[in-house]
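Accompanying notes for the structure given below.
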Amino acid sequence: MRIIFHECKKAFTSPIILALLILFSAYNIYLIYNSFDFKEELHVANELAETYGVNITDESLSKLDQDLQKNLADFNVITEKKSSQTFDSAVDFFDQLRFEDQELYTEDEIHFFHSVYLKEMYAGTAETIDASYKEFDIERIGESEISKYGLSGTAAETLRKQYAKFSNRFDELQENGEHKQWFFAGKQYFTHTLLFKTMFKHIILESIILIVLATALITNYEFENRTHLVSYTAKRGRRLMVDKLAASLIVTMGITTFLLMITLGTYFMVFDYSHLFKSSISSAFNWEKNFPYVSWWNMSFLTYLIFGIVLMYVCMLLFSAVTFTISVIIKNSYYTFFLFGAIFAVLFMLQGFVPTSSNLIFITGFNLSSLVLNPQVWFMSSKGLLLFKDYEFITVSVWTMIIIVLCILCLKRFKKQAIV
């Protein structure tokens, strides 16, 4: 255990790794604070969930409508007094509001007007959810995707079967009302993209860079400092490499944890999700582009977040183990870093070089590079060609077995090879 501690210390005291860790953390904090122009508006979704419950029902919408009428009455008392005008909705008010007219109202009054406007927007969206979802024809969308990617033969049939499964899931979602829950308005604020595509992807890429550097440093330290003839002939001998693998995995956990705590801690301090953690990740409000986000399972936002964090940890550990195997073979940190980058890029691009008529186009997509570069669609149906319910589980399971075998083979090879 003492040996593992000292191996970890090599990474955690490295000036380059420490500097990059601080730099990445500062950059992530900057990104968050640079994206909070709409921070004050997010309280409305929380207020709706707190006041009317997370679920959107006919009763809660009726109560919301009654409260909006009261708010509008107060709204018109102010506008009639200040501008001799009344309005049928806050939308009408903002449609005719000129810049110079804003001086007629106090900051608190403008804030109140805007709050009523946002509640009207949420109420209007909530009332049209069922109608919007009934317009979707999942199988027709599937045919459109097949045409988009130019699929034919067995590949086209495979994707049709996946869309048929998703069609059943979409019907199930509407039956149990997962989509009718309050959440941040996706088309206005893009909070899912900000958290899972921007922040998670940054954490992933930053972690990979640090993990590859740290693992390569730990594994190659003796060879690069020319102390290998002493270290590997001592009492521990070649078994020292097993300690290095354990240390690399521990350092990986530490780096990932640090970046997650700093980044997500700052994010949730800036953006308030207090009453929305139990809201469904498949809420109709979580709709940013042409199609709403729909998870393969009934998951709350908090469950989805936890699953995403766990999946990230697993992937980072696998990347560390891959780096370890490369380092044992090459014995040079710089070459290890660039070779890892090349392998990562090739795996990500591999799917684009496979014939579109073969199921191989799907098989090549089950790789760690494709998985980690799309965190915004983890456990979701909107994954393009990778529309498979168990995509994440299959990818991680298969690559875990492959990498375990590679590590065992590398350790056996290292025990027998000359180290002079």
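The values are calculated or read from the model by the stated rules, or taken from the named source; none is laboratory data. The structure presented is a predicted model; accordingly, all values stated were derived computationally and were not measured. As a convention, Cβ positions derive from the backbone with ideal geometry for all residues, glycine included, and neighbour counts pool all protein chains shown.
Observations
- Hey, THR51 surrounded by 15 or more Cβ atoms within 10 Å (Cβ to Cβ) and of a type in the set (Val, Ile, Thr) or not: no
- Residue in segment 405-419 that is closer than 16 Å to LEU347 by Cβ, assigned by TED's automatic domain parsing to the domain that holds ARG226 and buried (at least 19 other Cβ atoms within 10 Å of the Cβ) present: no
- Set side by side, the residues PHE338, PHE366 differ, and just one is more than 30 Å from ASN225 (Cβ to Cβ) and assigned by TED's automatic domain parsing to the domain that holds LEU409, which is PHE366.
- Within segment 75-91, being surrounded by 13 or more Cβ atoms within 10 Å (Cβ to Cβ) and assigned to a helix (DSSP H, G or I) holds for PHE75, ASN76, ILE78, THR79, LYS82, SER83, ALA90, VAL91.
- In segment 245-260, the count of residues that are part of a loop (DSSP other than H, G, I, E, B), among the hydrophobic types (A, V, I, L, M, F, W, C) and either modelled with pLDDT under 95 or in contact with a strand residue (DSSP E or B) (Cβ under 7 Å, 6 or more places away or on another chain) (or both) is zero.
- Selection within segment 125-155: residues that are in contact (Cβ under 8 Å) with a residue 24 or more places away in the chain and under 14 Å from ILE361 (Cβ atoms). The member of this set that is farthest from the chain's Cα centre (by Cα) is GLY153.
- Restricting segment 260-298 to residues that are in contact (Cβ under 8 Å) with a residue 40 or more places away in the chain, among the aromatic types (Phe, Trp, Tyr) and within 19 Å of PHE190 (Cβ to Cβ) leaves a set whose member that is surrounded by the fewest Cβ atoms within 10 Å (Cβ to Cβ) is PHE291.
- ILE330 vs. criteria under 29 Å from VAL398 (Cα atoms), surrounded by 23 or more Cβ atoms within 10 Å (Cβ to Cβ) and either in contact with an Asp or Glu (Cβ under 6 Å, 6 or more places away or on another chain) or of a type in the set (A, V, I, L, M) (or both): no
- Any hit, segment 191-202, residues being out of contact with any Cys (no Cβ under 8 Å at 6 or more places or on another chain), modelled with pLDDT of 95 or more and loosely packed, with under 15 Cβ neighbours inside 10 Å: no
- Looking across segment 117-136, the residues that are part of a helix (DSSP H, G or I) and not small (Gly, Ala, Ser) come down to TYR117, LEU118, LYS119, GLU120, MET121, TYR122, THR125, GLU127, ILE129, ASP130, TYR133, LYS134.
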